[in-house]
Amino acid sequence: MMFIFMIPASLTYTYGRMARNQRQGWAIFWAMALLFMAGVATAYWSEAHANPAAHGLFIDQAAGNMEGKEVRFGIANSALFATVTTDTSCGAVNSMHDSFNPLGGMVPLLNIKLGEIIFGGVGSGLYGMLVFVLLTVFIAGLMSGARRSIWARRSRRAK
């Protein structure tokens, strides 16, 4: 799993070097890493709880929701692998994403729906994340520009 992340994570460093501002590369890396860690924590927390659909059945769910998971990997490795592989769009699975609990299944689905911007494949996550960064800066600029114009109108009226 570490090797799946190596190239995409290193491309954030490369971007910082190419932009001649290493802090930008590290900021993008830590934004991606924070989203990844939040996804793993959410998926694990959800899968560690019992499956509500099997509540009335005589099934021991002390180990959490083991439906659709290999016993040799367990819940922690299944949640980690599902998040890693949907973050990088590699397509490998060791557990069935549709048998995750609702909140745990949201993590792989959200990663797929966002276009694998969290690290992503070789370069595909970086350009996806850069599009999100440009969009955020553009919208923030529009918001701060509108605020400045309101203050400018108020100061003209006061005169």
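The values are calculated or read from the model by the stated rules, or taken from the named source; none is laboratory data. Here the structure is a predicted model, which means the values were calculated and not measured. When we count neighbours, we look across all protein chains shown, and the Cβ atoms used for this are built from the backbone with ideal geometry, even at glycine. Heavy atoms of the whole protein, side chains included, go into the accessibility calculation; ligands, DNA and RNA do not. Shrake-Rupley method; radii C 1.70, N 1.55, O 1.52, S 1.80 Å.
Of note:
- Hey, residue 116 over 27 Å from residue 14 (Cβ atoms) and either touching a His at 6+ places or on another chain (Cβ under 9 Å) or not basic (Lys, Arg) (or both) or not: no
- Where a residue in region 59-88 is under 14 Å from residue 41 (Cβ atoms) and its partner, wherever it lies, is β-branched (Val, Ile, Thr) and not in a loop (DSSP other than H, G, I, E, B), with Cβ under 7 Å and at least six apart: 79/40; 80/40; 83/40; 83/107; 84/4
- The one condition in (1) outside any loop (DSSP other than H, G, I, E, B); (2) within 25 Å of residue 10 (Cβ to Cβ) that residue 106 fails to fulfil: (2)
- Any chance residue 124 is within 19 Å of the chain's Cα centre (by Cα), at pLDDT 90 or above and surrounded by 10 or more Cβ atoms within 10 Å (Cβ to Cβ): no
- Subset of region 25-43 [of a type in the set (Ser, Thr, Tyr) and without any contact (Cβ under 8 Å) to a residue 60 or more places away in the chain]: none
- Screening region 3-24 for residues that are closer than 18 Å to residue 80 by Cα and without any contact (Cβ under 8 Å) to a residue 12 or more places away in the chain and picking the one that is most open to solvent (accessible area, probe 1.4 Å) gives 3.
- Residues that are surrounded by 16 or more Cβ atoms within 10 Å (Cβ to Cβ), closer than 18 Å to residue 63 by Cβ and touching a helix residue (DSSP H, G or I) at 6+ places or on another chain (Cβ under 8 Å), drawn from region 77-98: 78, 79, 80, 82, 95
- Here the condition is being under 11 Å from the mean Cα position of the chain (by Cα) and either modelled with pLDDT of 85 or more or among the acidic types (Asp, Glu) (or both); of 112, 75, it holds for 112 alone.
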